[in-house]
Amino acid sequence: MSTFDLFDADADPAANAPLVLEPGASVLRGFALARVGTLRRDLDAVIAAAPLRHLVTPGGKTMSVAMTNCGALGWFSDRSGYRYTGCDPLSDRPWPAMPASFRALAVSAASRAGFEGFAPDACLVNRYVPGARLTLHQDRDERQLGQPIVSVSLGLPAVFLWGGAQRGDRTRRVPLSHGDVVVWGGPARLRFHGVMPLAEGEHAFMGACRINLTFRCAG
Ligand code: SIN
Ligand code: FE2
């Protein structure tokens, strides 16, 4: 590789080689960076239409992460269980449409990670403030487990926990920064994963929070 190639890879983060966590799972460092301006604008419109809220788990605990959705389907939880809905239960209106910028990013990240033809119909928006965390879980409420998960990080850095097929398996700590994208599918689709409590901080572009967008094919 010439220095010119190296320079090109730096100038275009999408050209960097993925960090492979295991077959089917990779981290695309900075993949979303070139698009964060548009993503932020479209995110603000989604949140204005369907406000972030703290959901309650079936066990009755209020989640520390605030959530909303865009796309044909949205993930929801309350005392009666986890499920995907076509309408926002807060307003009884359909979830806001998935912005074209969101879909294009998700489809190109999936393709970069080796999953062609990703067709997301759901995007869960998670907002973490310092102290908020997500305990180990599997994403398994989706009907299309043949399609990957694409997870976009914006704002404050976080430590992503990458586990195994069983909840008790060892976890690997993967630091994620503004603009990073994680993709997991195929043999890694049902891996346990979570997010450690967010550290205090102020992000120049996103403020004192981390936003995560997870794209799925749920219906
Ligand atoms: C999730 O598992 O739904 C979110 C992961 C993250 O916030 O990085
Ligand atoms: Fe998840």
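Bear in mind these aren't lab numbers, they're just calculated from the coordinates by the rules spelled out. In this text the structure is predicted, and so the values were computed from the model without any measurement. Heads up, the Cβs are rebuilt from the backbone with ideal geometry, glycines too, and the neighbour counts pull from every protein chain shown.
What does the charge count around PHE192 come to, taking other residues whose C-beta lies under 12 Å from its C-beta (Lys +1, Arg +1, Asp -1, Glu -1)? That sum, taken over residues with Cβ under 12 Å, equals +4.
With a sphere of radius 12 Å drawn around the Cβ of ALA165, what net charge do the other residues whose Cβ falls strictly inside it have (Lys, Arg +1; Asp, Glu -1)? Value of the local net charge: +3. Between SER80, SER177, SER153, the Gaussian network model of the chain with springs among Cα atoms under 10 angstrom shows the greatest mean-square fluctuation at SER80. Going by the alpha-carbon gyration tensor, a ≥ b ≥ c the square roots of its eigenvalues, is the stretch 3-216 rounded (a/c under 1.5) or, if a/c is not under 1.5, prolate (a/b greater than b/c) versus oblate? Rounded shape, in that the Cα axes give a/c under 1.5.
Give me the number: length gained by fully extending ALA165 to VAL129, i.e. 0.36 nm times residue separation minus the C-alpha to C-alpha distance, one decimal in nm. Intermediate results must be reported in sequence, preceding the final value.
Working: separation 36, 0.36 × 36 = 12.96 nm, distance 2.84 nm.
Using 0.36 nm per residue and subtracting the Cα-Cα distance, I get 10.1 nm.
Between ALA104 and GLU22, the contour length at 0.36 nm per residue exceeds the Cα-Cα span by 27.0 nm. Residues considered: SER111, SER26, SER64. Largest GNM mean-square fluctuation over the chain, using C-alpha springs under 10 Å, is found at SER111.
Compared with the dominant principal axis of the Cα atoms in the chain, helix 36-49 is inclined by about 10°.
Report the local net charge at SER101: Lys and Arg +1, Asp and Glu -1, summed over other residues whose C-beta lies under 14 Å from its C-beta. Provide the component values of the computation, followed by the final result.
Working: positive: ARG35, ARG40, ARG41, ARG103; negative: ASP42, ASP44.
Its environment carries a net charge of +2.
Working from Cα pairs under 8 Å separated by at least six residues, relative contact order for the stretch 3-216 is 23 percent. Ranked by the mean number of other Cβ atoms within 10 Å of their residues, highest first, the peptides 56-62, 161-167, 119-125 fall in the order 119-125, 161-167, 56-62.
Here the calculated FRET efficiency for ARG143 and SER177, from their Cβ-Cβ distance with R0 = 35 Å, stands at 0.65, rounded to the nearest 0.05.
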